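The values are calculated or read from the model by the stated rules, or taken from the named source; none is laboratory data. Owing to the predicted nature of the structure, the values given are computational and were not obtained by experimental measurement. Cβ sites come from the backbone with ideal geometry, for glycine too, and all protein chains shown count toward neighbours.
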Amino acid sequence: MAISNLDLLKYIQAKTPQFQSLTSKITSDVFTEKGYDRIRNNDYKALNEFYGLSMRVYLQHIDIAETKDTLELAGFGETYDNPWGGIIQREAVSMVKPVSPAWKDLEDGSTVDPFVVRKGNVTERFFNQNFDFQTLLTIPDDFVMKQIFINDFGISTFIEGQIAQLRNSYAVQKYLAKKEAIDAFLKASVDTLQDSQKVDVTWSSSVTDDELISFILAVKNLVSLMKTVPTTSAYNALKFDSACDVSKLKLLIRVGFKNEIAVRILRNSFNAETLNLPVDVIEVDNFGGMEPYKEQAFSTKLYPVYDKLGIQIGFAETSGASTPTVEENAVFWKDTNENVLAILADSRLIFTSYQNGLNFETIRNPRGLYTNYFLSMPNGSVKIDNLYNAVVFNKKAGSTGGGGGGMP
């Protein structure tokens, strides 16, 4: 007689020792009493049961938080040094159109002027420095550390971990600045996007196969067109006429798309080639422009509150407030770019530029018996250069779903 998978699983479980069927009473009681979770730092009687003396604490491991700039790791954006000057200059030399040949229909007594002046078309773009960064950390002298740790390993690892967070905060700040630059590109505050840079896509809250395939084909056709034409000015806001370098194209899209593609390819293996995208796909949680609100209905807008060091400590209903009224984890974030599904862009659309590298300095306070560690980076830039090609895929009016993180 055939047996179902569920019945088979139950049968195997019945023949397999489990925790309660094998463990002794004392072991079980102690294990249950002390639980699986960590003990509360100040709610545990740490005394030896025989002598009643305090038990020693052994440092086993220190976890250090890690961060990453996913845009940089995926190859989106370029980095430059500009050691001198305060404004970044870029120039663009446009294509020169041909003139009529002068050797045709020459007549006696006529002349051809080889010294006629024809100036090339050169434009320039300027970018200011908009990214200053500094953070600091106070490390007390060893007399404080000796009260916490019973060996030098703990002290050195603890300090190294705290200092590592200085660089982590820089990585996160740079990543968030890049997403705000993408938001500025979408909002087009300086260079308005051309209509040819906007593609409307039908996209429902539960995306269908037809919608998904239609979107993929739209991307594939656009890339093919960019690859085919010798030169075009259709896909950048500065209308710079040039050949499209499709090898530098990246598709930024909301989280979940790559998984959706993988599932559909497996389910439609006969059509796998159609569902493959010709460019690198980079998933993002949003495209910047996230605004904080007090309620889920987005009724009351919130503003960041800073302490005397400029550290953001919460939110309030009024701008410039000194005391937060809403904690950071209680904020509802409105996605102002919720209708944006994806951006097909040249990786050079974003660039970062540094006049000065990250500078690490320390200063000891002999009166307070502590050392301050500073990590600084003045006069940097995180910018959008609209000379490079980028096409935005928007959710068509009337479609449902598509923003706020998760599947578009």
Task: Among the candidates LYS174, LYS179, LYS220, LYS227, residue that is over 26 Å from LYS97 (Cα atoms), basic (Lys, Arg) and free of Cβ contacts under 8 Å to residues at least 60 places away in the same chain - done: LYS220
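Condition check: assigned to a loop (DSSP other than H, G, I, E, B) and either under 28 Å from the mean Cα position of the chain (by Cα) or touching a residue at least 12 places away in the same chain (Cβ under 8 Å) (or both). Does PHE158 satisfy that? So that I can check it myself, show each step before the final result.
Numbers: assigned to a loop (DSSP other than H, G, I, E, B): no; either under 28 Å from the mean Cα position of the chain (by Cα) or touching a residue at least 12 places away in the same chain (Cβ under 8 Å) (or both): yes.
Against the criterion (assigned to a loop (DSSP other than H, G, I, E, B) and either under 28 Å from the mean Cα position of the chain (by Cα) or touching a residue at least 12 places away in the same chain (Cβ under 8 Å) (or both)), PHE158 does not qualify.
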Task: Restricting the stretch 276-308 to residues that are without any contact (Cβ under 8 Å) to a residue 24 or more places away in the chain and not in a loop (DSSP other than H, G, I, E, B), the residue that is surrounded by the most Cβ atoms within 10 Å (Cβ to Cβ) - done: VAL305
Open item on the list: Exactly one of these conditions fails for GLY85: (1) at negative phi; (2) of a type outside the set (Val, Ile, Thr); (3) surrounded by 10 or more Cβ atoms within 10 Å (Cβ to Cβ); (4) modelled with pLDDT under 90. Give me its number.
Closed with: (1)
Task: the stretch 124-155, subset surrounded by 15 or more Cβ atoms within 10 Å (Cβ to Cβ) and without any contact (Cβ under 8 Å) to a residue 60 or more places away in the chain, residue nearest to PHE360 (Cα to Cα) - done: ILE155
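Pick from PHE315, PHE360: which is in contact with a Leu (Cβ under 6 Å, 6 or more places away or on another chain), in a strand (DSSP E or B) and over 29 Å from PHE76 (Cβ atoms)? First the steps, then the outcome.
On the way: PHE360 fails: over 29 Å from PHE76 (Cβ atoms).
When all the criteria are applied, what remains is PHE315.
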Task: Unmet requirement for ALA342, which otherwise passes all of (1) at pLDDT 90 or above; (2) touching a helix residue (DSSP H, G or I) at 6+ places or on another chain (Cβ under 7 Å) - done: (2)
Open item on the list: Cβ-Cβ distance below 9 Å, separation of 6 or more or different chains: which pairs start in the stretch 61-78 with a residue that is of a type in the set (Val, Ile, Thr) and end on one that is in a loop (DSSP other than H, G, I, E, B)?
Closed with: THR70/PHE76
Open item on the list: I need the full set of residues from the stretch 242-257 which are surrounded by 15 or more Cβ atoms within 10 Å (Cβ to Cβ) and of a type in the set (D, E, K, R), in order please.
Closed with: LYS248, LYS250, ARG254
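Give SER189, SER205, SER196 a once-over and let me know the one that is closer than 30 Å to LYS395 by Cα and assigned to a helix (DSSP H, G or I).
On the way: SER189 fails: assigned to a helix (DSSP H, G or I); SER205 fails: assigned to a helix (DSSP H, G or I).
Step by step, each of SER189, SER205, SER196 is checked, and only SER196 is closer than 30 Å to LYS395 by Cα and assigned to a helix (DSSP H, G or I).
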Open item on the list: If I filter the stretch 366-377 for residues that are outside any loop (DSSP other than H, G, I, E, B), touching a helix residue (DSSP H, G or I) at 6+ places or on another chain (Cβ under 6 Å) and within 30 Å of LEU252 (Cα to Cα), do I get at least one hit?
Closed with: no
TODO: For the stretch 309-328, enumerate the residues that are more than 23 Å from LEU137 (Cα to Cα), polar (S, T, N, Q) and surrounded by 11 or more Cβ atoms within 10 Å (Cβ to Cβ).
DONE: THR325
- [ ] May I ask you to list the residues in the stretch 329-376 that are exposed (fewer than 14 other Cβ atoms within 10 Å of the Cβ) and among the β-branched types (Val, Ile, Thr)?
- [x] THR362, ILE363
